[in-house]
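The values are calculated or read from the model by the stated rules, or taken from the named source; none is laboratory data. Bear in mind that the values here come from a model prediction, so they are computed numbers and not experimental data. Here Cβ is always computed from backbone atoms with ideal geometry, including for glycine, and neighbour counts include all displayed protein chains. Heads up: the accessible areas ignore ligands, DNA and RNA and are worked out on the full protein's heavy atoms, side chains in. Shrake-Rupley method; radii C 1.70, N 1.55, O 1.52, S 1.80 Å.
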Amino acid sequence: MPDGLRVITEVVPSVRSVALGLWVRTGSRDEPPAQAGVSHFLEHLLFKGTERHSAIEISELFDSMGAAANAATSKESTQLHARLLDEHTEEAFDLLAEMMLRPSLPEGEVDSEREVVLEEIAMYEDEPQDRVHDVLAAAVHGDHPLGRRVLGDAQVIGSIPVAEIMSYHDARYTGPNLVIAAAGHLEHEQIVELAQGQLSPPAGEPNGVPGAAAYDPAPRFAFQVKETEQYHICFGGPGISRSDERRFALGVLDAIFGGSISSRLFREVREKRGLAYSVGSYSEQYVDGGLVGMYVGTREENVREACEIIGRELGTLRDHGVSAGELERAKEHVKGRLVLGLEATGARMSRLARAILFGVPLLSLDELLERIEQVSAGDVAELATSLYDPEGLSTACIGPDEGHFREATAAVSEALASTAASSSPTPGAAG
């Protein structure tokens, strides 16, 4: 549209609902350290009042539509979204648009919501199985903005002035940074007309990748002391970007290594030995990079053995690749999750928005399935060698005793050395 706003929709004629989302290209990586957490705090405040409606009235209006409304902040985006009956599309759009672009930020509501967000941060600090992933991100990314957590800093949230929050909003919530996405029982022209009539975003420059400190990929060790029943452990390293064609192979690799109930880590750590309830691997993608990680939560007496198994499985993956059976099972797993996920209009809406917001090619479902099917064992092995190189992985842990954990991590190197030795040719054998 002329003001830079982009509108994208997908018609799903078999449903009677609409998933509607207003997305803005700003998140925690766009914040200077002195404003750490302002994107997430602002997302909360969008519900606290507009020029025409109080916070109570906003909640009552959504309830009167039978709508499920929410919001989310990530490292690269902020979104308002709602799922609703198709007959309420116009009034829901009107309300979301006013919340997004014309929040009133009344002082009393801002101060009460500060306390809510501070409680959210405190709750998060009490959940080491969640917190350790941010500890890992900081270890992997170092001083890069991607190493900062989305929730930000409690001191910033407790003191940042309303005027500074509004200034951040006005600079970021501009036409070129906004995407309207919708999926369900709708007409594209209706959504465009609503955008033209209800949205008047200010002009501004597109928010691309912000300038940042030079990225240092060196592996790091991070430990946070906390009296916990389990040691919460992550290993991880740099990943790939959202647009990297290897993302399909990474999905398959993740399913093989730790992202499914038949994966190597789940089978070896949990099913065979009962060393953990929660164990697995994961990946994150951003516009200019990413992260791969693996997690296990286990009791003190099991830490060394769990680390040893992770080291051994990393070595086996590096030295022997994947089997044909693993590859086929993982591809079907990834395809199944994709198709089942896109049965929901909310997931369809999010896929549309992310593709446009981050400049990723918007592939059809059949094209996505074909890309997954084309992944070869060689693709997976090459990616595993690149991303799961044990020498390049950072280590993060939350638990009661750093010394005990440092001793246990030696088991990773020992297991890797043992795996390498067992895969070497024996003397006199043909190489």
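The table for this structure:
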{"read-out": "Condition met for residue 148 (among the basic types (Lys, Arg), farther than 30 Å from residue 1 by Cα and open to solvent by less than 40 Å² (accessible area, probe 1.4 Å))", "value": "no"}
{"read-out": "Qualifying position, being within 23 Å of the chain's Cα centre (by Cα) and either open to solvent by 50 Å² or more (accessible area, probe 1.4 Å) or touching a residue at least 40 places away in the same chain (Cβ under 8 Å) (or both), among 3, 30", "value": "30"}
{"read-out": "All positions within region 18-38 that are under 20 Å from residue 4 (Cβ atoms), touching a Lys or Arg at 6+ places or on another chain (Cβ under 9 Å) and of a type outside the set (Phe, Trp, Tyr)", "value": "20, 24, 25, 26, 27, 30"}
{"read-out": "Criterion violated by residue 143 - all others in (1) closer than 30 Å to residue 7 by Cβ; (2) open to solvent by 40 Å² or more (accessible area, probe 1.4 Å); (3) part of a loop (DSSP other than H, G, I, E, B); (4) not small (Gly, Ala, Ser) satisfied", "value": "(1)"}
{"read-out": "Answer from 257, 223, 248, 266 - the residue that is open to solvent by less than 20 Å² (accessible area, probe 1.4 Å) and either touching a Phe, Trp or Tyr at 6+ places or on another chain (Cβ under 9 Å) or at pLDDT 95 or above (or both)", "value": "257"}
{"read-out": "Residue in region 275-298 that is open to solvent by 30 Å² or more (accessible area, probe 1.4 Å) and on the phi > 0 side of the Ramachandran plot present", "value": "no"}
{"read-out": "Residues located in region 360-380, provided they are open to solvent by less than 60 Å² (accessible area, probe 1.4 Å) and either farther than 22 Å from residue 337 by Cα or polar (S, T, N, Q) (or both)", "value": "364, 376, 378"}
{"read-out": "Selection status of residue 138, touching a residue at least 24 places away in the same chain (Cβ under 8 Å), out of contact with any Phe, Trp or Tyr (no Cβ under 9 Å at 6 or more places or on another chain), within 26 Å of residue 357 (Cβ to Cβ) and aliphatic (A, V, I, L, M)", "value": "yes"}
{"read-out": "Selected residue (criterion: farthest from residue 53 (Cα to Cα)) from residues of region 97-113 that are open to solvent by less than 30 Å² (accessible area, probe 1.4 Å) and part of a helix (DSSP H, G or I)", "value": "113"}
{"read-out": "Selected residue (only one of 15, 38 is surrounded by fewer than 21 Cβ atoms within 10 Å (Cβ to Cβ) and not acidic (Asp, Glu))", "value": "15"}
{"read-out": "Enumeration of residues in region 146-179 that are outside any helix (DSSP H, G or I) and over 20 Å from the mean Cα position of the chain (by Cα)", "value": "160, 161, 173, 174"}
{"read-out": "Pairs, first under 12 Å from residue 103 (Cα atoms) in region 152-167, second hydrophobic (A, V, I, L, M, F, W, C) and assigned to a helix (DSSP H, G or I), C-beta under 6 Å, six or more apart", "value": "162/110; 165/42"}
{"read-out": "Exclusive hit being within 21 Å of residue 357 (Cβ to Cβ) and out of contact with any Cys (no Cβ under 9 Å at 6 or more places or on another chain), set 112, 28, 14", "value": "28"}
{"read-out": "Residues (hydroxyl-bearing (Ser, Thr, Tyr) and surrounded by fewer than 21 Cβ atoms within 10 Å (Cβ to Cβ)) located in region 168-187", "value": "168"}
{"read-out": "Test: residue in region 198-208 that is surrounded by fewer than 20 Cβ atoms within 10 Å (Cβ to Cβ) and in a helix (DSSP H, G or I)", "value": "yes"}
{"read-out": "Among the residues listed as 52, 83, the single one being surrounded by fewer than 23 Cβ atoms within 10 Å (Cβ to Cβ) and over 22 Å from the mean Cα position of the chain (by Cα)", "value": "52"}
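Let's see how each residue does on (1) in contact with a Pro (Cβ under 8 Å, 6 or more places away or on another chain); (2) exposed (fewer than 13 other Cβ atoms within 10 Å of the Cβ); (3) farther than 25 Å from residue 20 by Cα:
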| site | (1), (2), (3) |
| --- | --- |
| 315 | yes, no, yes |
| 333 | no, no, yes |
| 350 | no, no, no |
| 357 | no, no, no |
| 382 | no, no, yes |
| 386 | no, no, yes |
| 392 | yes, no, yes |
| 400 | no, no, yes |
